Amino acid sequence: MAGGSVSAPQRSKDFGNLEHGCEHYKRRCKIRAPCCNKIFPCRHCHNEAANSVSNPKDHHDLVRQDVKQVICSICNTEQEVAQVCCNCRVNMGEYFCNICKFYDDDTTKEQFHCNDCGICRVGGRDNYFHCQKCGSCYMVNLHDNHLCVENSMKTDCPICYEYLFDSVKSTRILNCGHTMHMDCFSQMTMQNQYRCPICCKAVLDMTAFWEVLDLDIDATSMPAEYQFEVSILCNDCNSKSIVQFHILGLKCRRCNSYNTRRIANQAIIRDTH
């Protein structure tokens, strides 16, 4: 028998369901990592251990599809990847994907395998669609309702630098089409940071804030030596303008956004004669 285990009593397939696993998944098996031949509860446990060693040259991630052997947590039998243990006959995972070599007992996540992504997703197949240009699955309410950025998910989160495509954390698509973790987005906005870290476009509706800034600017006169015009570029609509300088903000003439930047160091002095 695989792994040299003694024959175990036959169990019902749901024996031990949700009673085993790690902080990442409830499952009734462990995996043998083919890259280092060590046993881990899941690939995330492997990656955390492998990438915390002192020598950076030893850092590596487990390729989920390469897993060949698993160890049943009920009878400790090592065997080839399969849903049902060859020895005690329990389901090693209520959800099982033979492509990803993925097991999970918590089916409330509504796991499904996306052939286009090449990995398993959570949230229910009927609730997601695969955007071919963005290269990832998005909620159906974003179908024809988001700005596509090619392979936008196949990059690191611009806040925490974790790879987004196969992250287990929830992600958010920004108005500009770039993506980041939902938690990172919340932390960013709590720090009053309203611009995308990648392209600097506003990630929130800033209309009300711009209206307040209009009032503040109208109420704040600039000294004579600061009454000149400057050239600006709008981060939101990408248009250039020549506007009156003000210390509180420089307003785009096209879209009325204050999310702008000066693009010339010298003040523009107009000839009044």
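Here, each number is a calculation from the coordinates, and none is a lab measurement. All values reported here derive from a predicted model rather than from experimental measurement. Every residue, glycine among them, receives a Cβ derived from its backbone with ideal geometry; neighbour counts consider all protein chains shown.
Key figures
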item: Rg to Rh, two decimals, where segment 21-106 supplies the alpha carbon set and Rh follows Kirkwood; result: 0.98
item: Dipole magnitude (debye, nearest 20) for the chain, charges at Cβ of Lys, Arg, Asp, Glu; result: 740
item: 222 nm mean residue ellipticity, helices alone, for the chain (DSSP H n ≥ 4; -39,500 (n - 2.57); rounded to 500); result: -3000 deg cm²/dmol
item: Extended-chain gain in nm, criterion 0.36 nm per residue less alpha-carbon gap, C114 and I263; result: 49.1 nm
item: Over segment 135-273, volume per residue of the alpha carbon convex hull, in Å³; result: 143
item: Neighbourhood charge, 14 Å Cβ-Cβ cut-off, centred on C255 and excluding it, Lys, Arg +1 and Asp, Glu -1; result: +1
item: 20 Å cut-off, amide nitrogen to a point 7 angstrom out along C86 Cα→Cβ, residues in segment 19-35; result: 28-35
item: Built amide H within the under 5 Å cut-off of H113, gap 5+; result: R121
item: Label point distance in nm, S12-M190, each placed 7 Å from Cα along Cα→Cβ; result: 4.4
item: Amide N proximity, segment 96-111 versus E19 label position 7 Å along Cα-to-Cβ, cut-off under 19 Å; result: 104-107
item: Total lysine pairs under 19 Å (Cα atoms) in the chain, excluding pairs fewer than 8 apart on one chain; result: 20
item: Overall Cα dimensions of segment 113-191 - principal axes, largest extent first, Å; result: 37, 23, 21
item: Cβ-based net charge around Q65, under 13 Å, with every Lys or Arg adding one and every Asp or Glu removing one; result: +1
item: Dimensions (Å) - segment 150-197, Cα atoms, principal axes, largest first; result: 28, 21, 14
item: Vicinal HN-Hα couplings computed from phi for segment 147-154 (Karplus, 6.51 cos²θ - 1.76 cosθ + 1.60; Hz; Gly/Pro x); result: 7, 6, 10, 4, 6, 4, 8, 8
item: Average Cα contact separation per residue, segment 21-106, under 8 Å, 6 or more apart, as relative contact order %; result: 28
item: Cα-projected label distance for H59 with E225, points at 7 Å along beta-carbon direction, nm; result: 5.0
item: Net charge, H143 excluded, C-beta distance under 13 Å - Lys, Arg +1, Asp, Glu -1; result: -1
item: Relative contact order of the chain, pairs being alpha-carbon contacts under 8 Å that are 6 or more residues apart, as %; result: 9
item: Gain in span if fully extended, F209 to V140, counting 0.36 nm per residue against the direct Cα distance; result: 21.8 nm
item: Kirkwood hydrodynamic radius (C-alpha pairs) into Stokes-Einstein, the chain, 25 °C and 0.890 mPa s, D in µm²/s; result: 107
item: Overall Cα dimensions of segment 1-148, principal axis frame, Å, largest first; result: 57, 43, 22
